[in-house]
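What follows is one structure encoded as structure tokens, with my remarks underneath.
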Amino acid sequence: MLTKTQTSLSGKAIIFDGAGKPFRTVKGHVNGDAINAIVVKNRYTTLCGSDIHTFCGHRKEPDNVVLGHEITGDIVRLPEGEIVRDMRGEEVQVGDRITWSIFAVPAGVEAPREDMPQKSGQLFKYGHAPSSKQDMFNGGLADYCVLRPNTAFIKLSPEIPLKVAATISCAHATVTGALRVAGDVAGKSVLVFGAGLLGISCVAQCREAGAKWVGLIDRDQARLNWGRKFGADGLYAFTPDTIEGNYPWPEVDITFDMTGHGEAMVAGLKSLALGGTAVWIGAVFPAAAVPIDAQRMVRRILTIKGLHNYNYDDFLNAAVFIEKNYLKYPFESLVEKEFSLAEVDRAFAYATEYKPVRVGVAIG
């Protein structure tokens, strides 16, 4: 195990050069400037839906990027001469397992709103930044990750499975933010559109938050079947008939859209009871405009809220949610296929063809 003063770290990173191009493996050393940074040995990265969208060309990220932002790993280097604490105030040591926020706000940059640090200027996002010889360890599909200053990170128990710990920093934190934006769900009826990891986590989080009824909707029956294991009261297939407005589900107080597809968002609005709220999370890629019945919105006093990424409280609350519930719900099983770092091409091909809830990459 490395100490604070050991500086010789070298490894490989997997580079994405654009849709349709094979991944490229590069080797190099952790930048010497990282002597004053937290360096993590990546242990596990899960492929988020946005990674898949980038791989397929549905959304644009810089070429020459190390993808992966749902990451967990173990600290192998700490800044010399400093006591370092996580966002809960716990002192960390070399060897501790952590996960960290998808973003870092540069020093001196003020957030546009206190509750929206993820929308700060000059934001750095792990797994989304160009890689270079001097900065190649900045994403999940690599042996190491060098944490930027002001990155929020949380020490985790090694008892939490790696497959679950990795997903805290995107999927679960985003869902925790969605519940915050929605308001108190206790005693409310809820519909969740999309049975990917976001939607399944949303079902479980709504259940734990005291929702009186939770429904889950998806086109994919295999994904939909997970709903019962995570607390869903009703499972509904999204079919051409439902697109026409023949809904087998009841009106609800809150709808969550995790799909980003217009027909699902329209169905969510039409499913709201008087005074209801729609929370949109999934629309993070270019798509056709969503038609909205303005009269219905006004007469039924409906609200639409959106959220992109999450804030610091959401990240912390997601970690707490997983710590309390990783044994209660089978989150580990949602990583349906695992590959090694050397098999990244196969991992993305499998995720694209078979559309599992999550594919995992074990880094070792």
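Given the residues Thr255, Thr303, which is the only one that is within 16 Å of Gly183 (Cβ to Cβ) and touching a Leu at 6+ places or on another chain (Cβ under 8 Å)? Quick ask: steps written out before the conclusion?
Numbers: Thr303 fails: touching a Leu at 6+ places or on another chain (Cβ under 8 Å).
Residue meeting the stated conditions: Thr255.
Yes/no matrix, rows are residues, columns are (1) at negative phi; (2) in contact with a helix residue (DSSP H, G or I) (Cβ under 9 Å, 6 or more places away or on another chain); (3) touching a residue at least 12 places away in the same chain (Cβ under 8 Å):
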{"residue": "Trp213", "(1), (2), (3)": "yes, no, yes"}
{"residue": "Leu216", "(1), (2), (3)": "yes, yes, yes"}
{"residue": "Arg228", "(1), (2), (3)": "yes, no, no"}
{"residue": "Leu235", "(1), (2), (3)": "yes, yes, yes"}
{"residue": "Tyr247", "(1), (2), (3)": "yes, yes, yes"}
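For region 182-205, give me the residue count where each residue is farther than 19 Å from Trp280 by Cβ and surrounded by 21 or more Cβ atoms within 10 Å (Cβ to Cβ).
1
Of a type in the set (S, T, N, Q) and in contact with a helix residue (DSSP H, G or I) (Cβ under 8 Å, 6 or more places away or on another chain): is that true of Ser189 in this structure? Break it down stepwise before answering.
Numbers: of a type in the set (S, T, N, Q): yes; in contact with a helix residue (DSSP H, G or I) (Cβ under 8 Å, 6 or more places away or on another chain): no.
No: the conditions fail for Ser189.
Cβ-Cβ distance below 8 Å, separation of 6 or more or different chains: which pairs start in region 90-104 with a residue that is on the phi > 0 side of the Ramachandran plot and assigned by TED's automatic domain parsing to the domain that holds Ala129 and end on one that is assigned to a loop (DSSP other than H, G, I, E, B) and surrounded by fewer than 21 Cβ atoms within 10 Å (Cβ to Cβ)?
Gly95/Met1
So which residues in region 25-75 are assigned to a helix (DSSP H, G or I), under 30 Å from Ile200 (Cβ atoms) and among the small types (Gly, Ala, Ser)? Reasoning before the result, please.
Looking only at region 25-75, we keep the residues that are assigned to a helix (DSSP H, G or I), and these are 32-36, 49-56.
Subset that is under 30 Å from Ile200 (Cβ atoms): 49-56.
Gly49, Ser50 - these are the residues of region 25-75 that are assigned to a helix (DSSP H, G or I), under 30 Å from Ile200 (Cβ atoms) and among the small types (Gly, Ala, Ser).
When you scan region 333-343, do you find a residue that is in a helix (DSSP H, G or I) and crowded, with 17+ Cβ neighbours inside 10 Å, even just one?
Kept after step one, since they are in a helix (DSSP H, G or I), are these residues of region 333-343: 333-334, 341-343.
Adding the requirement that they be crowded, with 17+ Cβ neighbours inside 10 Å leaves 334, 341.
Scanning region 333-343, I find at least one residue that is in a helix (DSSP H, G or I) and crowded, with 17+ Cβ neighbours inside 10 Å, so the answer is yes.
Filter region 224-245 down to residues that are hydroxyl-bearing (Ser, Thr, Tyr) and modelled with pLDDT of 95 or more, then give me how many there are.
Pass one, region 224-245, residues hydroxyl-bearing (Ser, Thr, Tyr): 236, 239, 242.
Okay, now just the ones that are also modelled with pLDDT of 95 or more, so 236.
The number of residues fulfilling the criteria is 1.
Would you mind stating whether Leu179 is aliphatic (A, V, I, L, M), buried (at least 23 other Cβ atoms within 10 Å of the Cβ) and without any contact (Cβ under 8 Å) to a residue 60 or more places away in the chain? Walk me through how you get there before you give the answer.
On the way: aliphatic (A, V, I, L, M): yes; buried (at least 23 other Cβ atoms within 10 Å of the Cβ): yes; without any contact (Cβ under 8 Å) to a residue 60 or more places away in the chain: yes.
Spelling it out, Leu179 is indeed aliphatic (A, V, I, L, M), buried (at least 23 other Cβ atoms within 10 Å of the Cβ) and without any contact (Cβ under 8 Å) to a residue 60 or more places away in the chain.
Which numbered condition in (1) crowded, with 20+ Cβ neighbours inside 10 Å; (2) over 24 Å from Leu9 (Cβ atoms); (3) in contact with a Ser or Thr (Cβ under 7 Å, 6 or more places away or on another chain) is the only one that Gln118 fails?
(3)
Look through region 287-304, keep the residues that are within 27 Å of the chain's Cα centre (by Cα) and surrounded by 10 or more Cβ atoms within 10 Å (Cβ to Cβ), and return whichever of them is farthest from Met258 (Cα to Cα). Let's see the steps before the verdict.
Here is the first cut: in region 287-304, the ones within 27 Å of the chain's Cα centre (by Cα) are 287-290, 303-304.
Applying the additional criterion that residues be surrounded by 10 or more Cβ atoms within 10 Å (Cβ to Cβ) yields 287, 290, 303-304.
Details: Ala287: 14, Val290: 15, Thr303: 17, Ile304: 14 Å.
By that ranking, first place goes to Thr303.
Determine whether region 123-139 contains at least one residue that is touching a Lys or Arg at 6+ places or on another chain (Cβ under 7 Å), free of Cβ contacts under 8 Å to residues at least 40 places away in the same chain and assigned by TED's automatic domain parsing to the domain that holds His69. Walk me through it before giving the result.
Start the filter on region 123-139 by keeping residues that are touching a Lys or Arg at 6+ places or on another chain (Cβ under 7 Å), which leaves 124.
When the remaining residues are screened for being free of Cβ contacts under 8 Å to residues at least 40 places away in the same chain, the result is 124.
Filter once more, keeping what is assigned by TED's automatic domain parsing to the domain that holds His69: 124.
Among the residues of region 123-139, at least one is touching a Lys or Arg at 6+ places or on another chain (Cβ under 7 Å), free of Cβ contacts under 8 Å to residues at least 40 places away in the same chain and assigned by TED's automatic domain parsing to the domain that holds His69, which makes the answer yes.
Across region 110-122, what is the total count of residues that are touching a Pro at 6+ places or on another chain (Cβ under 9 Å) and either of a type in the set (A, V, I, L, M) or in contact (Cβ under 8 Å) with a residue 60 or more places away in the chain (or both)?
Taking region 110-122 and keeping what is touching a Pro at 6+ places or on another chain (Cβ under 9 Å), we get 111, 119-122.
Then keep just the ones that are either of a type in the set (A, V, I, L, M) or in contact (Cβ under 8 Å) with a residue 60 or more places away in the chain (or both); that gives 111, 119.
Looking only at that region, the number is 2.
The values are calculated or read from the model by the stated rules, or taken from the named source; none is laboratory data. A quick note: this is a predicted structure, and the numbers were derived from the prediction, not measured. Glycine also receives a Cβ, built like all others from the backbone with ideal geometry; neighbour counts cover every protein chain displayed.
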